[in-house]
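First the structure, in the form of structure tokens, and then the observations on it.
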Amino acid sequence: MDIHAFPEKSDISIGISSCLLGERVRYDTGHKQHSYICHTLGNFFTFRPFCPEMAIGLGTPRETIRLVNIEGETRAVGTKTAEHDVTQALRENGEAQAHWQRELYGYILKKDSPSCGMERVKVYKKNTPEKVGVGLYAEALLKNNPLLPVEEEGRLGDAVLRENFIKRVYSYRSWRSLVDSGVSMKKLTDFHSAYKYSLLSHNQNETRKLGSFLAEAHTLKLEEVVARYSETFMAILKRKASKRNHVNVLQHLQGFLKTDLDKADRQELGEAISEYRLGRLPLIVPIVLLRHHFRRHPKPFVDRCTYLNPHPGELMLLNTL
Ligand code: SF4
């Protein structure tokens, strides 16, 4: 497996709420086309649109639905007609989509929707809304695919969350390729070495624990190791990478070049990391310097790691961190 070769667009399928691609499936026959998704992410991913409300036959135009807490249970009912209850239809239809969702490497959901919203969807209790719900289709999706990177379009406007989601998509794709090719302890250890610095930028403690788990895993069944590794791997990546952790990783990588760089290059790199820490330069600057120095002074161990190349450069995701 070449850890640095990014898969073609046709090899990364992403599920998406249809209205975000401009399909006229909303209750009022409108759409919610999202420019960044359509015009930027669309060049890297193949979208699989799905509208759960159309899938259960609601059609357009249609009465809007909302989530309501009825005797402790969340139900999806019409905003005008309380008897118009589509809870069971949405839940059953959501469960029935598992077969094609298994082929996905990520999912982008429409925020606030009683069907598609991933979190903080309004749930009405005696006509008072509380932002505590999950859309009924999204709930089934998350339950059926616990490792799948899932994000809402609204959160993609945040540079850290956007980078995090896209990094998870590429990492998950890489993980699934490893599993499909047949995992061995050796392959798993190599995979972990490749991702170690990326993981450290998200959470140092959990990454060290995962490394120790792998080192002692030879007494366990391989399936058990793979199941626990995949869960923890994706859970660590889901946590936001912090500036402090990035600085730590950058300085660690800088350490491998200690004897290779002259004083001026060492100082330039140290200053770039420092300026990044102070918020005066984006992460891409020390990363580009490190890439440059490691090209001139190759270290096989660093060459295999994904931290310096987590996703295609054209997406420019490190320029805004
Ligand atoms: S159900 Fe989902 S995909 Fe369909 S219109 Fe509503 S938010 Fe968009």
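Listed values, structure above:
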| item | result |
| --- | --- |
| Hits in region 38-93 (condition: within 12 Å of the ligand (Cβ to nearest atom) and on the phi > 0 side of the Ramachandran plot) | G59 |
| Strands (runs of 3 or more DSSP E) contained in region 13-124 and holding at least 3 residues within 27 Å of Y170 (Cβ to Cβ) | 13-17, 46-50, 106-109 |
| Residue list for region 273-288, filter: surrounded by fewer than 19 Cβ atoms within 10 Å (Cβ to Cβ), not in a loop (DSSP other than H, G, I, E, B) and not hydroxyl-bearing (S, T, Y) | E275, R277, I284, V285, V288 |
| Every pair of residues 6+ apart whose Cβ atoms lie under 6 Å, when the first sits in region 42-60 and is among the charged types (D, E, K, R) while the second is within 12 Å of the ligand (Cβ to nearest atom) | R48/G15; E53/S115 |
| Subset of region 125-134 [assigned to a strand (DSSP E or B), surrounded by fewer than 21 Cβ atoms within 10 Å (Cβ to Cβ) and not basic (K, R)] | T128, P129, E130, V132 |
| Residues (touching a Leu at 6+ places or on another chain (Cβ under 9 Å), assigned to a helix (DSSP H, G or I) and of a type in the set (A, V, I, L, M)) located in region 148-194 | L156, A159, V160, I166, L178, M185, L188 |
| Some residue of region 10-18 being touching a residue at least 60 places away in the same chain (Cβ under 8 Å), within 10 Å of the ligand (Cβ to nearest atom) and among the hydrophobic types (A, V, I, L, M, F, W, C) | yes |
| Tally, over region 135-147, of residues that are among the hydrophobic types (A, V, I, L, M, F, W, C) and assigned to a loop (DSSP other than H, G, I, E, B) | 1 |
| Residue count, region 99-140 (criterion: closer than 16 Å to I56 by Cβ and more than 11 Å from the ligand (Cβ to nearest atom)) | 2 |
| So K243, is it in contact with a His (Cβ under 9 Å, 6 or more places away or on another chain) and in contact (Cβ under 8 Å) with a residue 24 or more places away in the chain | no |
| S35 vs. criteria out of contact with any helix residue (DSSP H, G or I) (no Cβ under 9 Å at 6 or more places or on another chain), in contact (Cβ under 8 Å) with a residue 24 or more places away in the chain and more than 13 Å from the ligand (Cβ to nearest atom) | no |
| Region 213-228 residues that are assigned by TED's automatic domain parsing to the domain that holds V183, paired with ones that are surrounded by 13 or more Cβ atoms within 10 Å (Cβ to Cβ) and among the small types (G, A, S) (beta carbon under 6 Å, 6 or more apart) | V225/A217 |
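Yes/no per residue for (1) within 15 Å of S201 (Cα to Cα); (2) among the aliphatic types (A, V, I, L, M); (3) modelled with pLDDT of 95 or more:
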{"site": "L257", "(1), (2), (3)": "no, yes, yes"}
{"site": "K263", "(1), (2), (3)": "no, no, yes"}
{"site": "G270", "(1), (2), (3)": "no, no, yes"}
{"site": "I273", "(1), (2), (3)": "yes, yes, yes"}
{"site": "P286", "(1), (2), (3)": "yes, no, yes"}
{"site": "L289", "(1), (2), (3)": "no, yes, yes"}
{"site": "F294", "(1), (2), (3)": "no, no, yes"}
{"site": "C305", "(1), (2), (3)": "yes, no, no"}
{"site": "P312", "(1), (2), (3)": "no, no, yes"}
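The values are calculated or read from the model by the stated rules, or taken from the named source; none is laboratory data. All figures in this text were calculated on a predicted structure; none of them were measured in a lab. Heads up, the Cβs are rebuilt from the backbone with ideal geometry, glycines too, and the neighbour counts pull from every protein chain shown.
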